[in-house]
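> Encoded as structure tokens, here's the structure I'll be asking about.
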Amino acid sequence: MGLRALDNVSLELAQGEILGLIGPNGSGKTTLINVISGLLAPTAGRARVDGTVVTGKPAHVSARAGIARTFQSVRLFKALTARENVEVAALAAGVRRVEAKRRADELLGEFGLARWHNVLAGALPYGLERSLEMARAIATGATFLLLDEPAAGLDESEGDALLALLAGIPATRGCGILVIDHDMRLIMRLCRRLHVLAHGQTISEGTADEVRRDPRVIEAYLGSAGAAA
């Protein structure tokens, strides 16, 4: 007998939109991102980017289609500087070296990393590692960003800074963002629309207010205190 991690889950993400993907641990959120980004091949179903099917193809195919992602645990090139991390991502996307350097400098400034540009990624404070990973993802020229718990390990002030940063990306970069996080304070302020999973199935979707009041979400995930937050 096999485990069905996802069962008949369907969602859409438009450019310029921030969609929150929430649910209990083990509900299938990261699995869904892994399928979309090409790290896992599903046994059924398809992921499309502007009509192009990317399901079941290598991760680099999804990347070329415009999908970039971050991970629950930060995965930087720790022996490279902050600037080199961003440059490498841009070069991997096929841009020329001069453009990669320009893009790196621009993104390091945008993400508050300019003065850290020559510091090894492995020596950065944790919150800046998170920022660098997002800057690196954007450096690929992605159309859609899949962010897996970007606020994990951040304190409240760092979370507020992250909120401000993410909220501006769709307007400045034209990206659509799918964000997983357990920080409901951040998710409810950041996302106009939410998609909720439990046991690999969709149990609710709608605006933040609609989802917060959904009895199925309160029972499976938020609890009465979360619904009132």
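> Name the residue that is least open to solvent (accessible area, probe 1.4 Å), counting only residues in the range 198-225 that are of a type in the set (Gly, Ala, Ser) and over 23 Å from Glu12 (Cβ atoms).
Initial filter on the range 198-225 (of a type in the set (Gly, Ala, Ser)): 198, 200, 204, 206, 208, 220, 223-225.
Narrowing the set further to residues that are over 23 Å from Glu12 (Cβ atoms) leaves 223-225.
Details: Gly223: 25, Ser224: 97, Ala225: 81 Å².
If we take residues in the range 198-225 being of a type in the set (Gly, Ala, Ser) and over 23 Å from Glu12 (Cβ atoms), then Gly223 is least open to solvent (accessible area, probe 1.4 Å).
> Mind checking which residues of the range 44-65 are open to solvent by 40 Å² or more (accessible area, probe 1.4 Å) and β-branched (Val, Ile, Thr)?
Across the range 44-65, the qualifying residues are Thr52, Val53, Val61.
> A follow-up question, please. Based on this model, can you work out whether Ala59 counts as touching a residue at least 60 places away in the same chain (Cβ under 8 Å) and out of contact with any strand residue (DSSP E or B) (no Cβ under 8 Å at 6 or more places or on another chain)?
Values: touching a residue at least 60 places away in the same chain (Cβ under 8 Å): no; out of contact with any strand residue (DSSP E or B) (no Cβ under 8 Å at 6 or more places or on another chain): yes.
Answer is no for this residue.
> Could you check the range 12-43 and list, in sequence order, the residues that are open to solvent by 10 Å² or more (accessible area, probe 1.4 Å), among the aliphatic types (A, V, I, L, M) and either under 30 Å from Leu222 (Cβ atoms) or not in a loop (DSSP other than H, G, I, E, B) (or both)?
Scanning the range 12-43 gives Leu13, Ala14, Ile18, Leu32, Val35, Ile36, Leu39, Leu40.
> So, one more: Could you tell me whether any residue of the range 119-131 is out of contact with any Gly (no Cβ under 8 Å at 6 or more places or on another chain), hydrophobic (A, V, I, L, M, F, W, C) and closer than 16 Å to Leu190 by Cα?
Scanning the range 119-131, I find no residue that is out of contact with any Gly (no Cβ under 8 Å at 6 or more places or on another chain), hydrophobic (A, V, I, L, M, F, W, C) and closer than 16 Å to Leu190 by Cα, so the answer is no.
> Of the numbered conditions (1) open to solvent by 20 Å² or more (accessible area, probe 1.4 Å); (2) outside any helix (DSSP H, G or I); (3) of a type in the set (A, V, I, L, M); (4) in contact with a helix residue (DSSP H, G or I) (Cβ under 7 Å, 6 or more places away or on another chain), Ala68 satisfies every one except a single condition; which is it?
Of (1) open to solvent by 20 Å² or more (accessible area, probe 1.4 Å); (2) outside any helix (DSSP H, G or I); (3) of a type in the set (A, V, I, L, M); (4) in contact with a helix residue (DSSP H, G or I) (Cβ under 7 Å, 6 or more places away or on another chain), only one is false for Ala68: (1).
> Pairs, please: C-beta under 8 Å, at least 6 apart or cross-chain, first residue closer than 30 Å to Gly94 by Cβ and touching a residue at least 60 places away in the same chain (Cβ under 8 Å) and in the range 138-163, second of a type in the set (Lys, Arg) and outside any helix (DSSP H, G or I)?
Leu145/Arg69; Leu146/Arg69; Leu147/Arg69; Asp148/Arg69
> Looking at the range 44-63, which of its residues are part of a loop (DSSP other than H, G, I, E, B) and under 14 Å from Leu32 (Cβ atoms)? Full working, then the answer.
The first filter runs over the range 44-63 and keeps only residues part of a loop (DSSP other than H, G, I, E, B), leaving 44-47, 50-51, 54-58.
Correct list: Ala44, Gly45, Arg46, Ala47, Val54, Thr55.
> Take the residues of the range 169-192 that are under 15 Å from the mean Cα position of the chain (by Cα) and open to solvent by 60 Å² or more (accessible area, probe 1.4 Å): which is modelled with the lowest pLDDT?
Out of the qualifying residues, it is Arg173.
> Taking Leu6, is it out of contact with any strand residue (DSSP E or B) (no Cβ under 7 Å at 6 or more places or on another chain), under 17 Å from Arg136 (Cβ atoms), assigned to a loop (DSSP other than H, G, I, E, B) and touching a residue at least 12 places away in the same chain (Cβ under 8 Å)? Walk me through it before giving the result.
Working: out of contact with any strand residue (DSSP E or B) (no Cβ under 7 Å at 6 or more places or on another chain): yes; under 17 Å from Arg136 (Cβ atoms): no; assigned to a loop (DSSP other than H, G, I, E, B): yes; touching a residue at least 12 places away in the same chain (Cβ under 8 Å): yes.
In short, no.
> Identify the residue in the range 97-135 that is in contact (Cβ under 8 Å) with a residue 60 or more places away in the chain and touching a Phe, Trp or Tyr at 6+ places or on another chain (Cβ under 9 Å) and, among all such residues, is nearest to Leu178 (Cα to Cα).
The selected residue is Met134.
> Select from the range 103-127 the residues that are surrounded by 18 or more Cβ atoms within 10 Å (Cβ to Cβ) and among the hydrophobic types (A, V, I, L, M, F, W, C) and write down the one among them that is modelled with the lowest pLDDT.
Phe111
> Can you tell me which residue within the range 139-160, out of those that are in contact with a helix residue (DSSP H, G or I) (Cβ under 8 Å, 6 or more places away or on another chain) and within 14 Å of Gly112 (Cβ to Cβ), is most open to solvent (accessible area, probe 1.4 Å)?
The qualifying residue most open to solvent (accessible area, probe 1.4 Å) is Glu158.
The values are calculated or read from the model by the stated rules, or taken from the named source; none is laboratory data. Since the structure is predicted, the reported quantities are computational estimates derived from the model, not experimental observations. FYI the Cβ positions are ideal-geometry reconstructions off the backbone, even for glycines, and counts take in every protein chain you see. Quick note on the areas: whole protein, heavy atoms, side chains included, nothing else; ligands and nucleic acids left out. Shrake-Rupley method; radii C 1.70, N 1.55, O 1.52, S 1.80 Å.
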